[in-house]
1. Counting only residues 5 or more places away or on other chains, whose amide H sits under 5 Å from the amide H of residue 404 once H atoms are built in the peptide plane?
2. Sort 361-371, 75-85 by the packing proxy (mean of other Cβ within 10 Å over each peptide's residues), most packed first.
3. Under a 5 Å amide H to amide H cut-off, with H placed in plane at 1.01 Å, what residues pair with residue 119 once short-range neighbours are removed?
4. If you add up the charges near residue 433, with Lys and Arg at +1 and Asp and Glu at -1, over every other residue whose beta carbon is less than 11 angstrom from its beta carbon, what do you get?
5. Along the range 414-419, what does the Karplus equation 6.51 cos²θ - 1.76 cosθ + 1.60 (θ = phi - 60°) give for ³J(HN,Hα), rounded to whole Hz, x for Gly and Pro?
6. Apply the Karplus parameterisation 6.51 cos²θ - 1.76 cosθ + 1.60, with θ equal to phi minus 60°, to every residue of the range 139-151 and state each ³J(HN,Hα) to the nearest whole Hz, in sequence, with x for glycine and proline.
7. In percent, how large is the relative contact order of the range 300-352, given Cα pairs closer than 8 Å and 6 or more residues apart?
8. All other residues with a Cβ under 13 Å from the Cβ of residue 216 taken together, and with Lys, Arg as +1 and Asp, Glu as -1, what is their net charge?
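Nothing in this text is a laboratory measurement; each read-out follows from the coordinates by a stated rule. As the structure is a computational prediction, the values presented were derived from the model and not from experiment. When we count neighbours, we look across all protein chains shown, and the Cβ atoms used for this are built from the backbone with ideal geometry, even at glycine.
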Amino acid sequence: LSSSSSSLSRPSHHHDPTARTPMVLPRLCRGFAARALALVRDRPLLARRAGGTLAAATAASLTGYAALQSSLAESARFVVGTYTQTLGHVDGKGRGLYTFRVDQETGSMVYESMTPSGENPTYLCRNGDVLYVINETYGGDGTISSYRLSETNDGSIQMDLMNSASALGGGTCYVTTTENRKILAIANYDGGERKTGKSRSSVAVYLLNSDGSIGELTGCRTFSGPGTNAVPSRQGEPHAHMAWLAKKSEGYALFVPDLGLDEIKELSLSHDGKLETASSGVNHPPGSGPRHMLVHPGGKYAYIVDELTSTICMHKYDGEVGKISKHLQRISTLPPGFENSTKQSTIAAIKAHPSGRHIYVSNRVVNADGLISVFQVDENTGNLEAKSYHSTLGITPRDFEFIGAKMLIAANQDSDSLVAFHVDDNTGGLRETGQRAHCSSPVCIVQI
């Protein structure tokens, strides 16, 4: 079990993102920022690579500038969604969306800006130069908003609200889009049925306009009836926890892991985003609580994590028709000897390494630092083999994000921290960088 006993302090140039005062560029940047950032170009919007040349006449005076340019060449940016309210499961202290720059070689993170984005702007999805943000609210419908990402003259990132729409359900917890930025889907967790007599767990589908803003509502499916009640405190009613969109030969498949029903629902969308049919879906064992899923980059396998039993299931995936098989493998995401109980740990996120060779899962260990489990993918069968387990150096790791292929950032919700790790090319294992940053109640990380 990888952990650290060292005390990790915040870099002196890092500004506390919860502070009310505006961010001030580090002293080195102030002299050279305008010219340095004008020379930096990258993929649309970030993961920066330096470009351009310097006039020979000024070269002698630009030693500091050259150092800054070299640093920017290895840096990238990411944005973090947060909880802003105290709810039953979190003491939200965030104030909006936070943008950070990270050095891809060292893992050093610098806070850049905060964008107010309403109540609990928790889950995010980026497609090109548009960021989609959900507002996770209870007692009423959540919201989905689109923000245009642009770079200002001084090199900072600006987020401009384009438009917003109703999520058509409460406890909004997930947003995703098709790769061609044509369709957007939202999952709403909050059943509400026992309290109100009306289920508010649902998925909603919107078309996206040509500029990426949210367009016409094309469908909404509400899930009603009792849950499996295998875990009464969590499964009394349906709880859609994710929406996964995938292209198929005719239109799109929409998969919805439902924690309350122990089921992965399979819905079908037409090419223009209209909900057409729903199959019986695929069930997981009672009390599992399916939470999140992904389709392997190779396109042949789907992996689904069960929040309540801390397990991961491998399914075969047929991309032609948009179907997943019954699970063919089911293994624990916790180290050997760890008591597998919802009182001890629950799963949060699952992601594949960009290479596709490893799958990563974050585990929210109760009253202790969380864990990220690393699994190796068998290319021939899709089966997983547990390779290593690593402390996230913080409590409740709600999400993590790969920055390129060699860096991973973990978001520890209840420790108000972001922690950077090196990723081993061969084993997929994580190695501490000694770098962390403060961020209040982080929930989701997206590179921009």
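1. Residues meeting the amide H criterion: none.
2. Values: 361-371: 20.1, 75-85: 24.3.
Per-residue Cβ counts within 10 Å, averaged per peptide and sorted highest first, yield 75-85, 361-371.
3. Counting only residues 5 or more places away or on other chains, the set is empty.
4. Details: positive: 406, 431, 436; negative: 103, 105, 432.
The answer is 0.
5. Once θ is set to phi - 60°, the couplings for the range 414-419 become 8, 10, 6, 9, 10, 10 Hz.
6. Listing the rounded values in order: x, x, 5, x, 9, 10, 10, 10, 10, 7, 9, 9, 9 Hz.
7. On the way: 83 pairs, mean separation 19.1, N = 53.
Relative contact order comes out at 36 percent.
8. Numbers: positive: 182, 274; negative: 272.
Summing Lys/Arg as +1 and Asp/Glu as -1 gives +1.
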